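Data block below; observations after.
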Amino acid sequence: MYHPDWRKVWLPLLAAGIFFATGCITDAQGIARKVQVTGIVTDEKGHPLPGVFVFPQPIGKTSGPIPEIAIYTDLNGKFVWHVPLGRYLFLFQKQGYDLMHLPVSASNGKRKVILNVQLKKST
Amino acid sequence: LYLFFYLFIILHVIEKSDKGDLIMPNPFGFRSTLLTVSLLCLTVIPLAQASKLPIAIAAKQSPDAPVSNNGAPLQPGTSEAVVRVQNGAYVKGHRGLNEKAEKRVAPTAPRSKSHDTSHMGTESIIGEDTRTQVNDTTAYPYSAIVQIESDIGGCTGWLIGPHTVATAGHCVYDPNQHKWASYARVYPGRNGDELPYGSANAQVLYSVVGWTQNGDSNYDYGAIKLDSDIGNDAGWFGYRWQTGSMDGIWENISGYPGDKTYGTQWEDRDQIRQTAPRKLFYANDTYGGQSGSPVYEVDSHSDCDFCAIAIHTSGVYSGSSYNRGTRITEAVFENFNRWKNQ
């Protein structure tokens with residue numbers, strides 16, 4: 001009976017593996033990885049604040065393009081942004097309330113960042 | 001790469017005897033079977049793939065291939081209004097029923113703030129904020145600039161025909177959630193609560209494959225077909241493409257930023273600082289909500305009148321000191337002609 005030499009089997013297996021892997025890689029395409037940044041904005045009493053302008057400002061040299069779209073919180077005070085990997089300063093702005101900035105790091109291991117924000121009335 | 005694997009596998013499987021002769025393995029054994037299967041994998045499958053390649057290439061659409069939210073086939077664009085010039089082409093704008101127009105003021109010197117890099121890489125206000133409010137939004141071309149409200153977010157657009165608005169691709173299609181805006185409403189020349197031309201609703205949304213399938217910011221542009229010919233009153237922009245550098249062209253950006261009183265129009269003037277094949281870079285101050293704004297020339301260009309050369313898309317990022325917009329290339333120009341003809 002013929003007994004295979006396992007020391008010599010690994011190479012063809014590796015070759016086949018690389019062949020299929022490279023096929024998969026070259027077929028891969030799509031949208032750059034992004035991190036979801038979401039949360040709820042409330043007033044000092046904890047009530048949801050609709051109509052708050054929320055905008056991520058890129059910081060440093062690693063952040064990706066941010067479309068200059070105006071995202072406002074909905075009736076439940078909720079907002080959702082999808083940002084490329086990088087560092088951002090999230091701005092929260094509503095007339096009659098103090099402006100707030102919060103730093104966010106959208107790093108590779110994260111899929112979602114939750115920012116629950118409380119805005120104070122302007123004095 | 002495949003040839004390398006062939007040689008390596010063959011040399012690895014074939015053995016040498018003690019005398020140095022080559023010994024083939026048992027033809028029905030494990031190693032021979034493995035060798036045969038490996039060679040088959042490395043020849044038949046690549047050949048099969050190669051035979052499909054021309055079909056795949058043909059099926060793969062150009063990133064500038066237009067798409068719409070209803071999937072309906074598009075009529076070809078009209079070439080009647082296109083004026084060909086030596087290094088490009090333009091389509092003339094229309095001032096609408098209102099003959100008032102912004103007085104052209106030729107800029108005299110570059111803005112000193114362009115040299116201030118203290119804010120570089122942090123926001124789309126570059127240096128000091130020099131945006132000014134447009135008080136008379138019924139004067140052309142401000143009348144032809146529209147605020148866009150949709151479930152994707154607040155944006156700006158600009159009329160390119162009686163019932164067609166040009167804007168950024170991300171204002172009509174969100175590639176992160178793979179969805180078109182479910183509704184969009186536009187307000188030409190809006191000034192706070194004043195709606196001098198009323199509003200119009202989107203009937204069809206357009207963009208291109210490069211944006212909807214790949215989210216490639218080089219193809220971040222689109223358009224909206226409206227349910228009324230609101231542009232006949234509000235007017236519309238001309239637009240043009242040209243080959244070569246556009247550096248030094250004086251331009252203006254006017255739109256609806258989200259950090260100002262809701263629905264007010266703000267503008268800022270600068271010049272093209274860098275030209276890329278599909279992007280233009282400038283130091284005009286902009287903000288969230290101004291995506292889709294026209295980047296239009298302040299100096300008259302032939303008969304084009306107020307002539308757009310790019311669609312504003314994003315602010316400063318990745319250490320660049322300039323904001324940027326999608327350049328109107330020949331392909332973008334042809335798509336605008338096509339969309340306005342639907």
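Here is how the numbers come out for the structure above:
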| read-out | value |
| --- | --- |
| Residues (within 10 Å of another protein chain (Cβ to nearest Cβ) and buried (at least 23 other Cβ atoms within 10 Å of the Cβ)) located in the stretch B:176-210 | none |
| Residue identified as among the hydroxyl-bearing types (Ser, Thr, Tyr), within 14 Å of another protein chain (Cβ to nearest Cβ) and under 15 Å from the mean Cα position of the chain (by Cα) among A:Thr38, A:Thr73 | A:Thr38 |
| Cβ-Cβ under 6 Å pairs, at least 6 apart or on other chains, the stretch B:179-199 side assigned to a loop (DSSP other than H, G, I, E, B), far side of a type in the set (D, E, K, R) | B:Ala181/B:Asp151; B:Ser182/B:Asp151; B:Tyr197/B:Asp233; B:Ser199/B:Arg185 |
| Selection count, the stretch B:263-279, where residues are within 14 Å of another protein chain (Cβ to nearest Cβ) and of a type outside the set (D, E, K, R) | 5 |
| Conditions (1) in a strand (DSSP E or B); (2) of a type outside the set (D, E, K, R); (3) touching a helix residue (DSSP H, G or I) at 6+ places or on another chain (Cβ under 8 Å): number failed by B:Leu205 | (3) |
| Selected residue (criterion: modelled with the lowest pLDDT) from residues of the stretch A:53-64 that are part of a loop (DSSP other than H, G, I, E, B) and surrounded by fewer than 22 Cβ atoms within 10 Å (Cβ to Cβ) | A:Thr62 |
| A:Ile59 being in contact (Cβ under 8 Å) with a residue 24 or more places away in the chain and touching a Phe, Trp or Tyr at 6+ places or on another chain (Cβ under 8 Å) | yes |
| Failed condition for B:Ala308, given (1) buried (at least 18 other Cβ atoms within 10 Å of the Cβ); (2) over 17 Å from the mean Cα position of the chain (by Cα) | (2) |
| Residue in the stretch B:311-342 that is surrounded by the fewest Cβ atoms within 10 Å (Cβ to Cβ), counting only those that are closer than 30 Å to A:Phe55 by Cα and more than 14 Å from chain A (Cβ to nearest Cβ) | B:Thr329 |
| Every residue from the stretch B:72-84 that is over 17 Å from B:Val332 (Cα atoms) and touching a residue at least 60 places away in the same chain (Cβ under 8 Å) | B:Ala72 |
| Strands (runs of 3 or more DSSP E) contained in the stretch B:215-256 and holding at least 2 residues touching a helix residue (DSSP H, G or I) at 6+ places or on another chain (Cβ under 8 Å) | B:222-226, B:238-242 |
| From B:Gly292, B:Gly325, B:Gly288, residue being assigned to a loop (DSSP other than H, G, I, E, B), within 23 Å of B:Gly235 (Cα to Cα) and touching a strand residue (DSSP E or B) at 6+ places or on another chain (Cβ under 9 Å) | B:Gly292 |
| Test result for B:Tyr239, under 30 Å from B:Ser199 (Cα atoms), surrounded by fewer than 20 Cβ atoms within 10 Å (Cβ to Cβ) and touching a residue at least 24 places away in the same chain (Cβ under 8 Å) | no |
| Pairs where the first residue, in the stretch B:124-149, is on the phi > 0 side of the Ramachandran plot and the second is assigned to a loop (DSSP other than H, G, I, E, B), C-beta under 9 Å, 6+ apart | B:Gly127/B:Arg111; B:Gly127/B:Asp116; B:Gly127/B:Thr117; B:Gly127/B:Ser118; B:Gly127/B:His119; B:Gly127/B:Met120; B:Gly127/B:Ala283; B:Gly127/B:Asp285 |
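One line per residue, one yes/no per condition, for (1) part of a strand (DSSP E or B); (2) among the hydrophobic types (A, V, I, L, M, F, W, C); (3) touching a His at 6+ places or on another chain (Cβ under 8 Å); (4) modelled with pLDDT under 95:
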site	(1), (2), (3), (4)
A:Asp74	no, no, no, no
A:Phe79	yes, yes, no, no
A:Val83	yes, yes, no, yes
A:Leu89	yes, yes, yes, yes
A:Gln95	no, no, no, yes
A:Ser105	yes, no, no, yes
A:Asn108	no, no, no, yes
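The values are calculated or read from the model by the stated rules, or taken from the named source; none is laboratory data. The shown structure was predicted, so the numbers you read here are calculated from the model rather than taken from an experiment. Note that we place each Cβ from the backbone using ideal geometry, even for glycine, and neighbour counts take in every protein chain shown.
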